[in-house]
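Chemist: This is the structure, below, for whatever I ask next.
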Amino acid sequence: NAFDPDYVPPNYNFRDTQMEAMAMSIRPALRGGQPSSAIVLGSPATGKTTAIKKVFELVEKNSEKVLCVYINCQLHTTRFGIFSQIFKKVFGHIPPETGVPFSRIYDQLMKELQKTGRSIVIALDDINYLFQSKNANKVVYDILRAYEEYPGVKSSIFAILSDLEFKYSFDKNVNTVFIPQEITFPLYTYSEIENILRDRAKAGFYQNVLPDDI
């Protein structure tokens, strides 16, 4: 499994600065406060998804006050699809796909967050797909303005963008609540890539199977 696309290496190198910035955004929630939002920028294969999953894993291992939800927006492009994934994280199962209005699922979700007092941090990976399906404003608004109707709900968004040419712009009413810090992932250097591949080869092959020149 060391060569699977979703493999998360135990030692994750060269991204300490970015992971620290993410942790700083989440830190207030560990003390019962409001987590901050972030835009995570970087070309494909610069480690954004792995870094977020690592940070989320560490947060959930060390605190029950914060729920972290990772959503791939290439797979989930509708409002219902996104909130089904959040619902699954909170309740442990997907909501019924037919016969239940979205408003009831949303209400159930927010009341549960109100009741438990847990903050929620939602990573929307490849958020540009939500702009293409015209759902980005609605989804971000629903998540970040929930506290108006459900006092005490604390939420934030990590919006991940791999398409650096993509110009995102939110509606005015979203911009008032989505005030992100930018976290940038530069390209790996040649020696960093070599290091990463060496670790991966060590995890995936028997010793001496792969000579150094390869």
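The values are calculated or read from the model by the stated rules, or taken from the named source; none is laboratory data. Just so it is clear, the structure is predicted and the values come from calculations on it, not from any experiment. A quick note on method: Cβ atoms are made from the backbone with ideal geometry, for glycine too, and the neighbour counts reach across all protein chains shown. The accessibility values were calculated without ligands, DNA or RNA, using every heavy atom of the protein model including side chains. Shrake-Rupley method; radii C 1.70, N 1.55, O 1.52, S 1.80 Å.
Chemist: Can you tell me which residue among SER133, SER156 is modelled with pLDDT of 95 or more and either of a type outside the set (Lys, Arg) or touching a strand residue (DSSP E or B) at 6+ places or on another chain (Cβ under 7 Å) (or both)?
Modeler: Result: SER156 is the single residue among SER133, SER156 that is modelled with pLDDT of 95 or more and either of a type outside the set (Lys, Arg) or touching a strand residue (DSSP E or B) at 6+ places or on another chain (Cβ under 7 Å) (or both).
Chemist: Residues being closer than 20 Å to VAL140 by Cβ, out of contact with any strand residue (DSSP E or B) (no Cβ under 7 Å at 6 or more places or on another chain) and open to solvent by 80 Å² or more (accessible area, probe 1.4 Å): count how many of those fall in the stretch 176-214.
Modeler: So the count comes out to 2.
Chemist: State all residues of the stretch 53-77 that are closer than 22 Å to LYS167 by Cα and surrounded by 14 or more Cβ atoms within 10 Å (Cβ to Cβ); if no residue qualifies, say none.
Modeler: Result: ILE71, ASN72, CYS73, HIS76, THR77.
Chemist: Could you please find all residues in the stretch 17-50 being under 13 Å from THR184 (Cα atoms), among the β-branched types (Val, Ile, Thr) and surrounded by 16 or more Cβ atoms within 10 Å (Cβ to Cβ)?
Modeler: The answer is ILE39, VAL40, THR46, THR49.
Chemist: Out of (1) assigned to a helix (DSSP H, G or I); (2) within 16 Å of the chain's Cα centre (by Cα), the odd one out for LYS202 is which?
Modeler: Result: LYS202 fails condition (2) only.
Chemist: Is there any pair with a first residue in the stretch 113-137 that is farther than 15 Å from ASP171 by Cβ and a second that is of a type in the set (A, V, I, L, M, F, W, C) and open to solvent by 40 Å² or more (accessible area, probe 1.4 Å) whose Cβ atoms are under 7 Å apart and which are 6 or more apart or on different chains, and what are they?
Modeler: Once the first residue is farther than 15 Å from ASP171 by Cβ and sits in the stretch 113-137, its partners that are of a type in the set (A, V, I, L, M, F, W, C) and open to solvent by 40 Å² or more (accessible area, probe 1.4 Å) give ASN128/PHE166.
Chemist: Working only within the stretch 65-113, note down all residues that are assigned to a helix (DSSP H, G or I), of a type in the set (Val, Ile, Thr) and farther than 23 Å from LYS134 by Cβ.
Modeler: VAL90
Chemist: Just name the residue that is surrounded by the most Cβ atoms within 10 Å (Cβ to Cβ) out of those in the stretch 97-142 that are of a type in the set (S, T, N, Q) and over 24 Å from GLY33 (Cα atoms).
Modeler: ASN135
Chemist: Only one of these conditions is not met by GLU148: (1) touching a residue at least 24 places away in the same chain (Cβ under 8 Å); (2) part of a helix (DSSP H, G or I). Which number is it?
Modeler: Result: GLU148 fails condition (1) only.
Chemist: OK, next. Looking at the stretch 49-64, can you tell me whether even one residue there is in contact (Cβ under 8 Å) with a residue 24 or more places away in the chain and in a loop (DSSP other than H, G, I, E, B)?
Modeler: yes
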